[in-house]
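Colleague: Here it is, the structure, as structure tokens.
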Amino acid sequence: MCRSVIDGTLRQGMKILFVCTANQCRSPMAEALLRRHLTEREIPAEVSSCGLLEGNMPAAEIALEAMKDFDLDLSDHRSRRVSRYLIDESDLILTMTREHLREIVVNDPSSFGKTFTLKELVRRARANPRQDNEALPEYLARIGLDRRPHDLMGDSPEDDVADPMLQGSDACRDTAQELNQLTRDIANVLASTP
């Protein structure tokens with residue numbers, strides 16, 4: 001198992017963790033979508049999700065419905081709460097908002113280098129294309145080199161995937177479409193590992 005995506009090594013079985021508030025909508029949708037994109041590219045990785053709240057809840061009905069548009073079934077999903085163990089065992093942590101990122105880093109300050117908001121990592125990858133033969137760990141370290149925790153204070157639509165839980169099914173479908181594109185972009189970055 002890879003201990004960190006920025007420690008200079010990347011081996012089979014990379015562990016990617018998505019984090020949102022309740023682990024009932026955004027993060028399970030992102031988990032299912034990224035897993036599909038990685039499977040299509042035959043990229044070995046373990047993708048999972050968790051939330052900041054207590055676990056053992058099913059996926060939200062609006063998330064179940066939104067995922068039907070992608071022929072994905074979240075009916076077996078049960079939420080789980082983030083823990084130090086999940087943080088330590090993950091090679092890459094992708095949060096839905098800056099708030100979630102801050103909660104992870106408060107739990108484990110050393111995790112900052114492997115924790116990004118999903119939108120932040122995609123934005124940085126688009127702005128800093130991967131160089132020929134650049135290994136993924138070095139690439140992630142390079143695009144995250146100028147990051148500072150204080151830059152991620154407050155909320156920002158630039159970094160935050162909006163929570164559709166109180167907005168209804170149309171908003172959740174919009175969020176699912178956004179997550180589909182973002183996770184496809186992440187899969188493209190992971191697919192080009194030399």
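Yes/no per residue for (1) under 17 Å from Leu92 (Cβ atoms); (2) at pLDDT 95 or above; (3) within 12 Å of the chain's Cα centre (by Cα):
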site	(1), (2), (3)
Gly8	yes, no, no
Arg11	yes, no, no
Val19	yes, yes, yes
Glu31	yes, yes, yes
Ser48	yes, yes, yes
Leu52	no, yes, no
Glu61	no, yes, no
Glu65	no, yes, no
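Colleague: Sticking with this one: Could you tell me which residue of the stretch 121-169 is surrounded by the most Cβ atoms within 10 Å (Cβ to Cβ), considering only residues that are without any contact (Cβ under 8 Å) to a residue 40 or more places away in the chain and under 29 Å from Pro58 (Cβ atoms)?
Modeller: It comes out as Ala162.
Colleague: Counting just the residues of the stretch 21-71 that are touching a Phe, Trp or Tyr at 6+ places or on another chain (Cβ under 6 Å) and not acidic (Asp, Glu), which one comes out surrounded by the fewest Cβ atoms within 10 Å (Cβ to Cβ)?
Modeller: Among residues in the stretch 21-71 that are touching a Phe, Trp or Tyr at 6+ places or on another chain (Cβ under 6 Å) and not acidic (Asp, Glu), the one surrounded by the fewest Cβ atoms within 10 Å (Cβ to Cβ) is Ser49.
Colleague: Something else about it: Is it the case that the stretch 32-39 has a residue that's of a type in the set (Gly, Ala, Ser) and either out of contact with any helix residue (DSSP H, G or I) (no Cβ under 9 Å at 6 or more places or on another chain) or in a loop (DSSP other than H, G, I, E, B) (or both)?
Modeller: The answer is no, given that none of the residues of the stretch 32-39 is of a type in the set (Gly, Ala, Ser) and either out of contact with any helix residue (DSSP H, G or I) (no Cβ under 9 Å at 6 or more places or on another chain) or in a loop (DSSP other than H, G, I, E, B) (or both).
Colleague: What do you reckon, is Leu74 surrounded by 18 or more Cβ atoms within 10 Å (Cβ to Cβ) and touching a residue at least 60 places away in the same chain (Cβ under 8 Å)? Write out each step before concluding.
Modeller: Details: surrounded by 18 or more Cβ atoms within 10 Å (Cβ to Cβ): yes; touching a residue at least 60 places away in the same chain (Cβ under 8 Å): no.
No: the conditions fail for Leu74.
Colleague: So the check is Cβ under 7 Å with 6+ separation or different chains; which pairs have a first residue in the stretch 18-33 that's at positive phi and a second one that's among the polar types (S, T, N, Q) and at pLDDT 95 or above?
Modeller: Short answer, once both residue conditions are applied: Asn23/Ser49; Asn23/Ser79.
Colleague: Which condition number in (1) surrounded by fewer than 17 Cβ atoms within 10 Å (Cβ to Cβ); (2) within 26 Å of Pro157 (Cβ to Cβ); (3) among the basic types (Lys, Arg) is the one that Arg81 fails?
Modeller: Failing condition for Arg81: (2).
Colleague: Follow-up. How do the pairs read when you match residues in the stretch 35-47 that are over 10 Å from Arg184 (Cα atoms) with residues anywhere that are surrounded by 13 or more Cβ atoms within 10 Å (Cβ to Cβ) and charged (D, E, K, R), using Cβ under 7 Å and keeping only pairs 6 or more apart or on different chains?
Modeller: From the stretch 35-47, the pairs are Glu46/Lys15; Val47/Glu31; Val47/Arg35.
Colleague: Out of curiosity, is Arg184 surrounded by 14 or more Cβ atoms within 10 Å (Cβ to Cβ) and either touching a Ser or Thr at 6+ places or on another chain (Cβ under 7 Å) or within 18 Å of Ile93 (Cα to Cα) (or both)?
Modeller: Yes.
The values are calculated or read from the model by the stated rules, or taken from the named source; none is laboratory data. Everything numeric here is computed off the predicted structure, so don't read it as measured data. As a convention, Cβ positions derive from the backbone with ideal geometry for all residues, glycine included, and neighbour counts pool all protein chains shown.
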